[in-house]
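The values are calculated or read from the model by the stated rules, or taken from the named source; none is laboratory data. No experiment lies behind these values; they were computed from the predicted model shown. With ideal geometry, Cβ positions are generated from the backbone for all residues, glycine too; neighbour counts draw on all protein chains shown. Just so you know, the surface numbers come from the protein's heavy atoms only, side chains and all, with ligands and any DNA or RNA stripped out. Shrake-Rupley method; radii C 1.70, N 1.55, O 1.52, S 1.80 Å.
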Amino acid sequence: MNLPKRLECIVSQTPRSRCVCDIGCDHAYTAIELLRRGRAERVLACDIHEGPLRQARRNVELAGLGERIELRRGDGLAPVAAGEAETVICAGMGGALICRILEERTADFRHFVLSPQSEPERVRRFLLRRGIGIRTETLLEEDGKYYLILIAGAGDREQEGCEAEGAAYSEAELRYGRQLLMRRDSVLYTYLLSEKARYEGILKRTEKPEVQQAYRYCLEALRRYGDGSETDSVGEGLPERTEDGSEAQ
């Protein structure tokens, strides 16, 4: 099966597990490939909608994997009991939804494979506050869109000190990824340049403090690449703000 790049990355990076639960399984392509490649012995494929599950059931039957893939309908992790799976996959949904799904359930899993479509900083902060270390971060581009895949694990608190509430991380690291920034990831660099241009376009139309702050975080991340040509004049013309958002005098 030829998977999209993002699903290929998810399958190849999922830790080998006795049982994996895939939340928001859609048509069960990930579940099928996890079994075919020996990444899992069994998969619980869950979705809240009957339509995707109906197509997933057809795909599972065609693959001849009906005895090893169990399809369940329900909201988030509601269909999965504690101890049934050691690995959970949450992909193709927003960061806030991922955090809601995992709330109160992080102790039930050893491995987390997460691909937030928005608010990655919220997901990173959620993990760090619960003592869940981020093992790997991958950013890839496909068809003009960027996809982040995080592999995390309980008890894998990072060596450089993930203090309570993620205090050891800067806001730029929470937004863009400490590991990606440390290795000067080329895909992240391209993404940051596009974000920089996007923020500059927005700032021509508004001076909202939150937009200015987000722009500064983007520039902070770009400075990690040591490319002064991109950041020598960054921030010029932006008024400094106090904590309450008013302009500094």
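Here are the numbers:
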{"quantity": "Pairs with Cβ under 9 Å, 6+ apart, first in the stretch 15-36 and within 15 Å of residue 47 (Cβ to Cβ), second part of a helix (DSSP H, G or I) and charged (D, E, K, R)", "calculated": "27/58; 28/57"}
{"quantity": "Scope the stretch 4-26; condition open to solvent by less than 30 Å² (accessible area, probe 1.4 Å), under 19 Å from residue 63 (Cβ atoms) and assigned to a loop (DSSP other than H, G, I, E, B); matching residues", "calculated": "14, 25"}
{"quantity": "Residue under evaluation residue 78, criteria (1) farther than 16 Å from residue 180 by Cβ; (2) touching an Asp or Glu at 6+ places or on another chain (Cβ under 9 Å); (3) modelled with pLDDT of 95 or more, criterion not met", "calculated": "(2)"}
{"quantity": "Residue under evaluation residue 165, criteria (1) open to solvent by 20 Å² or more (accessible area, probe 1.4 Å); (2) at pLDDT below 95; (3) outside any helix (DSSP H, G or I), criterion not met", "calculated": "(3)"}
{"quantity": "Scope the stretch 27-38; condition basic (Lys, Arg) and either under 24 Å from the mean Cα position of the chain (by Cα) or assigned to a loop (DSSP other than H, G, I, E, B) (or both); matching residues", "calculated": "37"}
{"quantity": "Subset tally (residues that are modelled with pLDDT under 50, in a loop (DSSP other than H, G, I, E, B) and surrounded by 14 or more Cβ atoms within 10 Å (Cβ to Cβ)) for the stretch 206-237", "calculated": "1"}
{"quantity": "Residue match in the stretch 93-101 (condition: touching an Asp or Glu at 6+ places or on another chain (Cβ under 8 Å) and either within 21 Å of residue 5 (Cα to Cα) or free of Cβ contacts under 8 Å to residues at least 24 places away in the same chain (or both))", "calculated": "yes"}
{"quantity": "Some residue of the stretch 70-85 being closer than 18 Å to residue 125 by Cα and of a type in the set (Val, Ile, Thr)", "calculated": "no"}
